[in-house]
Amino acid sequence: MQKTISENKISFYLVASALVLFYISDALNKYFQVSYSINDDSIENAFSASIYVRFLYEGLFASIILIRLNETRKKIIVGIIAMIVIFAIGQSAFLIHYNQPDYSVFYHFTLLNKYLYVFIIYGGTYKIIDNSEDYNFLTKIYENIVVINSILIFVGLFLSVNLFKSYYSQDFRYGFDGLIPAINEATLFYFIAISYFYYKHFILKQKNWKMYPVLLASLLLGTKTIYFFLIFLFLYHLAINLSPGKKIIYATVALIISIFLIVPVVTNPDYSFLYEHFKDVYEENGFLSMITSGRIDVIDTKISGNLSYWNILNYFFGGTDQFKYQIEMDFFDLFLFVGIIGSLSMFVLYFKTIFKNPYKNIFFSFFTSCYFLFAFMSGHIFYSATNALNLTLVAIFIRNNYNSQFLQNLVQVE
């Protein structure tokens, strides 16, 4: 018994400190990136504090996995080893035919580490759910971080602070992401956050004012993916949680609000170019090109270019140069990176850990489906080290809806 309590407390302190330090280090990353862009330097040369912080915690969480070994953690270790072997085979086979001086083995190994990072986080933290009081404290830290970032988004909007803009080096693009260092990371950050607050507010009936500024801030990100998610979430809410009468009322109110939000943007000379841009893309290349920001247009070129260096082994184990052939649609990028066997192994890992038993909880099924849908539509979802801890914390929270004792204790703590 003492062993379990000790492990839970260690995990608690690690997660509590990691939540804060991850956000602070990401904020430093954003600051250095913006500073470099102002001086016309490449942001790739900017100092990255988060690499060192996350590497430190990766070692700490991995230590918990190895020291407190159990069946779940054994499966995670086996899965990670399998992915490393698959990656090594695929890249070795790829490099037989691909000989480019700028290819970086180290970069691709760090990319593999990003793919696996979420499973190491999960393996070291999943048992914190055993203590509802500690877990509730962690969710409070998480909530406050999300709210702080949302406030900074509003500050960026009203005061035009370059540091808080999504596209700080591109004046022709609109959006604010606070101190999240990349817009695709901010999109996943708010997808996870909105899911958490919605679940707590509507499913657990724990009313929380923090949901509203977070929801409003997400509208200012300027990414299509988050808007699609909000539409899907609204439709889910209509279908699952409302009576027929309320469905009509909510749909009417949503339509009116949408008109009041969209019309000023379309008619405003400062932002009307956005409408014209998407209209032109739609007319020239079609709907899929418009919603994927043109990624769908390069799939054939990049995949065929990558496959020209493949032999039969690569179809099973992958092999790619991400600098040259990255599509930024995660399903395709994952296939090129680790092939058929590697992709299937990744999905097995996901459904044995983060998304375990999604069918037992309707909202968790919705959350899981949206996660993989957005990974299909865009990039940096599967290998987002920035959001690995947030995803783990929130997935565990949502998944345990059917743990009645956990919910009872959580409500008591509230």
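Would you please classify the overall shape of the range 302-354 from the alpha carbon gyration tensor, given that a ≥ b ≥ c denote the square roots of the eigenvalues, rounded means a/c under 1.5, and beyond that prolate means a/b larger than b/c while oblate covers the rest? Oblate shape, in that a/c is at least 1.5 and b/c is the bigger or equal ratio. Amide H to amide H distances under 5 Å link K165 with D177, where only residues 5 or more positions off or on other chains count and H is placed in the peptide plane. Each residue of the range 338-351 was assigned a 3J(HN,Hα) from its phi angle through the Karplus expression (A = 6.51, B = -1.76, C = 1.60, θ = phi - 60°), giving 10, x, 5, 5, x, 5, 4, 5, 4, 5, 4, 4, 4, 7 Hz with x at Gly and Pro. Here the Karplus curve 6.51 cos²θ - 1.76 cosθ + 1.60, taken at θ = phi - 60°, turns the phi angles of the range 58-70 into couplings of 4, x, 5, 5, 5, 5, 4, 4, 6, 6, 9, 5, 8 Hz, with x standing for Gly and Pro. Extension gain, V161-I84: 0.36 nm per intervening residue step, less the Cα-Cα distance, totals 23.5 nm. Computed from backbone phi, the HN-Hα couplings of the range 139-149 come to 5, 5, 4, 4, 4, 5, 5, 5, 5, 4, 5 Hz, rounded to whole numbers (Karplus: 6.51 cos²θ - 1.76 cosθ + 1.60, θ = phi - 60°; Gly and Pro given as x). Placing dummy labels 7 Å off each Cα toward the beta-carbon, the span from S63 to I24 is 1.9 nm. Potential lengthening of the chain between I299 and I340 amounts to 13.0 nm, from the contour at 0.36 nm per residue minus the alpha-carbon distance. Ranked by how many other Cβ atoms sit within 10 Å of their own Cβ, fewest first, the residues L138, L95, L28 fall in the order L95, L28, L138.
Working from label points 7 Å from Cα in the Cα-to-Cβ sense, the S369 to L216 distance is 3.1 nm. In terms of surrounding Cβ atoms within a 10 Å radius of their Cβ, L393, L69, L238 rank from fewest to most as L69, L238, L393. Ordered by the count of other Cβ atoms within 10 Å of each Cβ, fewest first, K210, K30 give K210, K30. With the simple spin-label model, which puts each label point 7 Å out from Cα in the Cβ direction, the Y359 to R173 separation comes to 4.0 nm.
No value in this document is a laboratory result; all are computed from the given coordinates. What you see is a predicted model; the values in this text were computed from it and never measured. As a convention, Cβ positions derive from the backbone with ideal geometry for all residues, glycine included, and neighbour counts pool all protein chains shown.
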